[in-house]
Amino acid sequence: MSDGLFEELHGVVSVTPSAAELADLEQLLAGAFRPLRGFLGALDVAAVEAGGRLRDGTPWPSAVVLTVPEGVAGEKRIVLQDPETVPLAVLEVSEAWSDPSVPDGHFRVAGTLTALRESAYGAFRRLRRRPPAAGEDAAAVLAVATREPLHRARLGQIRQAAEKLGLPVLVLALLSGVHEQELVRALLAVRRELPEGAEIVTVNLAPRADAVRDQALAAHVAAAYGATHLLTDLPLEDVPLTLVAPEPWAYDTDLEVWRPRARVAEEHVRAELTAEELGALLDRGEEVPEWFTPRAVAAELRKARPPRHERGVTVFFTGLSGSGKSTVARALGDALIERGDRTVSLLDGDVVRQMLSSGLTFSKADRDLNIRRIGYVAAEITRHGGLAICAPIAPYAATRAEVRRMVEAVGDFVLVHVATPLEECERRDRKGLYAKARAGLIPEFTGISDPYETPGDAELVIDTTGRHVSECVDEVLKHLVAGGWLRPQPA
């Protein structure tokens, strides 16, 4: 960034987009989202969602949008920065608009972008490259865009298609922040099984709402990288390259090789493992068969999805004040320490308030921030294979869902709703908080003057009324054993 531009931007408001928006920003600045030059406005978004085209009729499969706080929506220019506050681009705002799908107090903004600098961090940066400039001549290329490792059947299909078309291969590893290092390592591990000269390029591309839109957007990115053909099983429309449907393949148990399905006798066909079957094998810690995928790929799959008894997990209790969630959470922590088969960290609501969120108020914004902080710490514990126990009130469904997304990006999440009725919580109230809230002395008190949004996605629901804490702990332990996060103990 030049000194002149730096001076010009002095005092311009800065915003840190979400991880998905930052990924879209990177592709916009690189030219991979041609013809887009910035984030879309309301009419373009409506046209894309309704018919897969921009309002001028240009085919485009998925909305590319930016959300900012309401207080920023009126700005004419906004500096977009990364999470470390490094400025990446300037957005010249052409439109600010309300969208019912975004959180309260936020708006969408549209406009064109000016790049300031490229991000300097990230693993496997040697595998990133900018797309060629628009109009630059390029040879024909067969692209494969994937968010998953390439197993033996897909590798065979790629070789077959490349040989039939006589084209070199470009593998686009679509990164979304979830186990992306394992994906890239798995692709590098099978590089020798790809056609000679095949290139692997990493692309930060946030996943879209459905598989067709996701692959269609990947097709536009592949075209920007110079690809002329795309190997895909999906029926895409209005994409700027030629679609190549792979021939079905099957494992021949007689010859013990993968071959085109038409060449394998019915009695010798072994079907490819489904995603569910593969996931179940990994959850149980069983070996992934070598006939299905190379050993090096299986090793990366195990790193990305360890067996459940070794995988990080967050047990997140939510419920009204006085419901018993903290008592059950602490007792669960003690029981797990006694078992000794998991490392345990307890993030209790009151303790977190003192140590992690000191200074926050009980406004909705600060309560949400408190839960996000708990979620961030829990996700880091989960990332490293630990078992985190959280016990905040967490009254709002959207914030709980945000925590779930953070944790499930690196491990597993178990939501426990401690559904003790309000009347029982008030009866137990030793601090007199409910009485003060009903008297108007405590504003925005959950269950009285502020809502508690009952979870509809809890894995376990417990009512502690009339029950000993050990009964409730046993119920949680049984759920964790049944789910595979704990191994059964001998009787």
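Points to keep in mind about this one:
- The range 50-72 - residue that is in a loop (DSSP other than H, G, I, E, B) and charged (D, E, K, R) and, of those, nearest to the chain's Cα centre (by Cα): Glu70
- Residue check, Leu230 among the aliphatic types (A, V, I, L, M), within 26 Å of Ala50 (Cβ to Cβ) and part of a strand (DSSP E or B): yes
- Residue in the range 187-204 that is under 27 Å from Ala20 (Cα atoms) and assigned to a loop (DSSP other than H, G, I, E, B) present: no
- Of the residues making up the range 322-379, those that are within 20 Å of Gly447 (Cβ to Cβ), in contact (Cβ under 8 Å) with a residue 12 or more places away in the chain and in a loop (DSSP other than H, G, I, E, B) number 5.
- Residue match in the range 98-108 (condition: assigned by TED's automatic domain parsing to the domain that holds Leu234 and either closer than 30 Å to Tyr396 by Cα or loosely packed, with under 13 Cβ neighbours inside 10 Å (or both)): no
- Among the residues of the range 286-310, those that are in contact with a helix residue (DSSP H, G or I) (Cβ under 8 Å, 6 or more places away or on another chain) and closer than 20 Å to Leu480 by Cα comprise Arg305, Pro306, Pro307, Arg308.
- One residue from Thr242, Thr253, Thr274 being more than 30 Å from Pro131 (Cβ to Cβ), in contact with a His (Cβ under 7 Å, 6 or more places away or on another chain) and β-branched (Val, Ile, Thr): Thr253
- Hits in the range 303-333 - residues which are crowded, with 23+ Cβ neighbours inside 10 Å and of a type in the set (Ser, Thr, Tyr): Thr314, Thr318, Ser321, Ser323
- Residue satisfying condition, being under 23 Å from the mean Cα position of the chain (by Cα), surrounded by fewer than 20 Cβ atoms within 10 Å (Cβ to Cβ), closer than 22 Å to Phe292 by Cβ and charged (D, E, K, R), within set Arg128, Arg192, Arg185: Arg185
- Number of residues in the range 457-491 that are part of a loop (DSSP other than H, G, I, E, B), over 32 Å from the mean Cα position of the chain (by Cα) and of a type in the set (Gly, Ala, Ser): the value is 2.
- Complete set of residues in the range 439-476 that are among the aliphatic types (A, V, I, L, M), over 30 Å from Ala365 (Cα atoms) and surrounded by fewer than 17 Cβ atoms within 10 Å (Cβ to Cβ): Val469
- The residue that is nearest to the chain's Cα centre (by Cα), among those in the range 413-451 that are modelled with pLDDT of 95 or more and assigned to a loop (DSSP other than H, G, I, E, B), is Ala419.
- The condition of being surrounded by 15 or more Cβ atoms within 10 Å (Cβ to Cβ), assigned to a loop (DSSP other than H, G, I, E, B) and without any contact (Cβ under 8 Å) to a residue 60 or more places away in the chain does not hold for Ile393.
- Complete set of residues in the range 251-272 that are free of Cβ contacts under 8 Å to residues at least 60 places away in the same chain and within 33 Å of the chain's Cα centre (by Cα): Arg270, Ala271
- Matching residues in the range 273-293 - criterion: being assigned to a loop (DSSP other than H, G, I, E, B), surrounded by 13 or more Cβ atoms within 10 Å (Cβ to Cβ) and within 26 Å of the chain's Cα centre (by Cα): Leu273, Gly285, Val288, Thr293
- Condition check for Ser94: hydroxyl-bearing (Ser, Thr, Tyr) and either assigned to a loop (DSSP other than H, G, I, E, B) or surrounded by fewer than 13 Cβ atoms within 10 Å (Cβ to Cβ) (or both): no
The values are calculated or read from the model by the stated rules, or taken from the named source; none is laboratory data. Keep in mind that what you see is a predicted model, and the values were worked out from it rather than measured. Using ideal geometry, Cβ is built from the backbone for each residue, glycine included, and neighbour counts are taken over all protein chains shown.
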